[in-house]
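The values are calculated or read from the model by the stated rules, or taken from the named source; none is laboratory data. Not measured: the values here are computed from a predicted model. Here the Cβ positions follow ideal geometry from the backbone for every residue, glycine too, while neighbour counts run over all protein chains shown.
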Amino acid sequence: MKSFKISTTTVKVTAVAVFMALNIVMCTFSIPVPGGHLYLCDAIICCAALMLDPVSAFIVGGVGSFLGDMMFYPVAMFVSLFAHGLQALFISMISHYTFKNHKLVSTVLGLAVGSVFMVGGYFLGKTFVYANFQTAVIKLPYEILQAVVGAVLAFLLCRNAGLYKLADKFGILYSGRGKM
């Protein structure tokens, strides 16, 4: 009987699909906070961006958020495509290609820059979608809180909970990444 070997491409495509599904699921759940809601999809997006290549990260962050919003909140789906897509893209690019000898610094810098792009993207998007600058300003603290919580959770999950090791074991850890 022949042994069955799964190709690296199959594992990578499956990992991207699983991260996208998790992103969509996390778009449906929110934690109510005074005056708004906190979504945990940023944690999934940041984890995927820290482990995957930039294109795959954009697909997970942007397309996953787009699909989640398309099903549950279609008004903001294009805003989510660009805000979360750029968030994931910049996190992945910065964490994989800067400070090769200081992975911790590149990870934190990537998460910070990605968070700024997400918050800025949603601020501009909500200004356009709601056609009201004041509404975007009111939502700004919740976007910042969501970005910070997502980045911190992703950092802890990847670094302390062993997601890097698990991703490396399955061969989906992007080769540009060393140990943090």
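Considering only the range 1-68, give the helices (runs of 4 or more DSSP H) lying wholly within it that have at least 2 residues that are at pLDDT below 90 and hydroxyl-bearing (Ser, Thr, Tyr). Before the answer, list the steps.
On the way: elements: 8-28, 41-51, 54-58.
Qualifying helices (runs of 4 or more DSSP H): 8-28.
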- Kindly establish whether residue 126 is part of a helix (DSSP H, G or I) and of a type in the set (Lys, Arg). yes
- Please specify each residue of the range 142-169 satisfying the condition of being more than 19 Å from residue 77 (Cα to Cα), out of contact with any Ser or Thr (no Cβ under 9 Å at 6 or more places or on another chain) and touching a residue at least 12 places away in the same chain (Cβ under 8 Å). 145, 149, 153, 154, 157, 163, 164, 167
- In the range 74-88, residues that are touching a residue at least 40 places away in the same chain (Cβ under 8 Å) and exposed (fewer than 15 other Cβ atoms within 10 Å of the Cβ) total 1
- Query: Hey, does the range 130-145 have a residue that's touching a Lys or Arg at 6+ places or on another chain (Cβ under 8 Å), within 26 Å of residue 172 (Cβ to Cβ) and surrounded by 15 or more Cβ atoms within 10 Å (Cβ to Cβ)?
  - Reply: no
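Can you say whether residue 134 is in contact (Cβ under 8 Å) with a residue 24 or more places away in the chain and on the phi < 0 side of the Ramachandran plot, as far as the supplied structure shows? Spell out the reasoning first.
On the way: in contact (Cβ under 8 Å) with a residue 24 or more places away in the chain: no; on the phi < 0 side of the Ramachandran plot: yes.
So residue 134 fails the test.
When the residues of the range 74-103 are narrowed to those that are polar (S, T, N, Q) and under 17 Å from residue 143 (Cα atoms), which ends up nearest to the chain's Cα centre (by Cα)?
Checking each candidate, the answer is 87.
Whether any residue in the range 115-129 is under 19 Å from residue 56 (Cβ atoms) and crowded, with 22+ Cβ neighbours inside 10 Å is what I want to check. Walk me through how you get there before you give the answer.
Here is the first cut: in the range 115-129, the residues under 19 Å from residue 56 (Cβ atoms) are 117-118.
If we keep only those that are crowded, with 22+ Cβ neighbours inside 10 Å as well, we get 118.
Looking for residues that are under 19 Å from residue 56 (Cβ atoms) and crowded, with 22+ Cβ neighbours inside 10 Å, one finds at least one in the range 115-129, hence yes.
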- Query: Yes or no: residue 81 under 23 Å from residue 105 (Cα atoms) and in a helix (DSSP H, G or I)?
  - Reply: no
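Listed here are the residues, each with its yes/no results for (1) closer than 22 Å to residue 139 by Cα; (2) surrounded by 13 or more Cβ atoms within 10 Å (Cβ to Cβ).
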residue	(1), (2)
13	no, yes
18	no, yes
29	yes, no
37	yes, no
66	yes, yes
70	yes, yes
